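The values are calculated or read from the model by the stated rules, or taken from the named source; none is laboratory data. Small disclaimer: the values here were computed from a predicted structure and weren't measured. Methodologically, a virtual Cβ is constructed for each residue, glycine included, from the backbone with ideal geometry; neighbour enumeration extends over all protein chains shown.
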């Protein structure tokens, strides 16, 4: 069973704090993703990584950075949290395949972040 | 550019009614893959189905069925005899054959009333 875990289910931080959201997958997947989910906007891609130390910006990278030092771990960093970053954050992983699309993404349970 | 549209934001049905969730997509690629995910109140997205662009056969899995029509760029999802446990947000998604980025619709929130 593929398992994607996220460090916290709920998190409350203050404006200006540095926030780390951690994601770990146990299936040796090459690709990992961070999404943000807001009502009416669906899932929006923040960053993804296709290999250790490699990263690509998604649709809304502003205000975020990521780190992938080990294959199984992908961290999302809010350098200086702001109230408009209050949201649900979802991590996902996906194996590499020459036949892209053969597999589905596997999601973690999400972290609901509130910035006050 | 790729785009997935789920025009139905919220749907409410009474238990045992049938309900269809619409998904319309845009892509210029000839090879692509379509997905449906379910997000129950617990928050974790659960994979339901994957379809590639060359397979237009409809699929049935228990009370769930999917209708893929390339002519109308649609991949609709029907729940027959809905149950309260079907209450969730449902997402449709697309990935190109040449990329590893998934494009999600905005989701449809389904409430099944007992």
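Condition first: touching a helix residue (DSSP H, G or I) at 6+ places or on another chain (Cβ under 8 Å), over 22 Å from residue B:103 (Cβ atoms) and at pLDDT 90 or above. Can you find one or more residues in the stretch B:6-14 that meet it? No, that holds for no residue.
Please determine, by comparing only the residues of the stretch B:1-16 that are in a strand (DSSP E or B) and away from chain A (no Cβ under 11 Å), which one is farthest from residue B:105 (Cα to Cα). Once the filter is applied, the top-ranked residue is B:14.
Only a single item in (1) more than 14 Å from chain A (Cβ to nearest Cβ); (2) out of contact with any helix residue (DSSP H, G or I) (no Cβ under 9 Å at 6 or more places or on another chain); (3) free of Cβ contacts under 8 Å to residues at least 24 places away in the same chain is not met by residue B:76, and it is number (3).
With the condition kept exactly as written, say whether any residue in the stretch B:51-61 is over 20 Å from residue B:97 (Cα atoms) and surrounded by 17 or more Cβ atoms within 10 Å (Cβ to Cβ). Looking through the stretch B:51-61, none of the residues is over 20 Å from residue B:97 (Cα atoms) and surrounded by 17 or more Cβ atoms within 10 Å (Cβ to Cβ). Among the conditions (1) surrounded by 17 or more Cβ atoms within 10 Å (Cβ to Cβ); (2) touching a residue at least 40 places away in the same chain (Cβ under 8 Å), the only one that residue B:65 does not satisfy is (2). For the stretch A:9-48, a residue qualifies if it is touching a residue at least 24 places away in the same chain (Cβ under 8 Å), more than 12 Å from residue A:76 (Cα to Cα) and crowded, with 16+ Cβ neighbours inside 10 Å, and the qualifying residues are A:11, A:13, A:25, A:29, A:30, A:31, A:37, A:43.
Yes or no: residue B:53 touching a helix residue (DSSP H, G or I) at 6+ places or on another chain (Cβ under 9 Å) and farther than 23 Å from residue B:109 by Cβ? It is true that residue B:53 is touching a helix residue (DSSP H, G or I) at 6+ places or on another chain (Cβ under 9 Å) and farther than 23 Å from residue B:109 by Cβ. Check A:106, A:96 and return the single one that is within 11 Å of chain B (Cβ to nearest Cβ) and either on the phi > 0 side of the Ramachandran plot or surrounded by fewer than 16 Cβ atoms within 10 Å (Cβ to Cβ) (or both). The conditions single out A:96. Across the stretch A:58-80, the qualifying residues are those that are free of Cβ contacts under 8 Å to residues at least 24 places away in the same chain and within 14 Å of chain B (Cβ to nearest Cβ), and the one among them that is surrounded by the fewest Cβ atoms within 10 Å (Cβ to Cβ) is A:59. Is there a residue being crowded, with 20+ Cβ neighbours inside 10 Å, more than 14 Å from every other protein chain (Cβ to nearest Cβ), in contact with a strand residue (DSSP E or B) (Cβ under 9 Å, 6 or more places away or on another chain) and under 19 Å from residue B:16 (Cβ atoms) anywhere in the stretch B:89-109? The answer is no, given that none of the residues of the stretch B:89-109 is crowded, with 20+ Cβ neighbours inside 10 Å, more than 14 Å from every other protein chain (Cβ to nearest Cβ), in contact with a strand residue (DSSP E or B) (Cβ under 9 Å, 6 or more places away or on another chain) and under 19 Å from residue B:16 (Cβ atoms). Filter the stretch B:17-63 for residues that are in contact with a strand residue (DSSP E or B) (Cβ under 6 Å, 6 or more places away or on another chain), part of a strand (DSSP E or B) and away from every other protein chain (no Cβ under 13 Å) and give the result. Within the stretch B:17-63, B:19, B:20, B:21, B:24, B:25, B:26, B:59 meet the criteria. Residue B:76 versus (1) modelled with pLDDT of 95 or more; (2) surrounded by 14 or more Cβ atoms within 10 Å (Cβ to Cβ); (3) assigned to a loop (DSSP other than H, G, I, E, B): which is the lone unmet condition? That leaves (3) as the condition not met.
A quick yes/no check of all residues on (1) modelled with pLDDT of 95 or more; (2) more than 14 Å from every other protein chain (Cβ to nearest Cβ); (3) over 10 Å from the mean Cα position of the chain (by Cα); (4) not in a strand (DSSP E or B):
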| position | (1), (2), (3), (4) |
| --- | --- |
| A:35 | yes, no, no, no |
| A:47 | yes, no, no, no |
| A:56 | no, no, yes, no |
| A:91 | yes, no, no, no |
| A:102 | no, no, yes, yes |
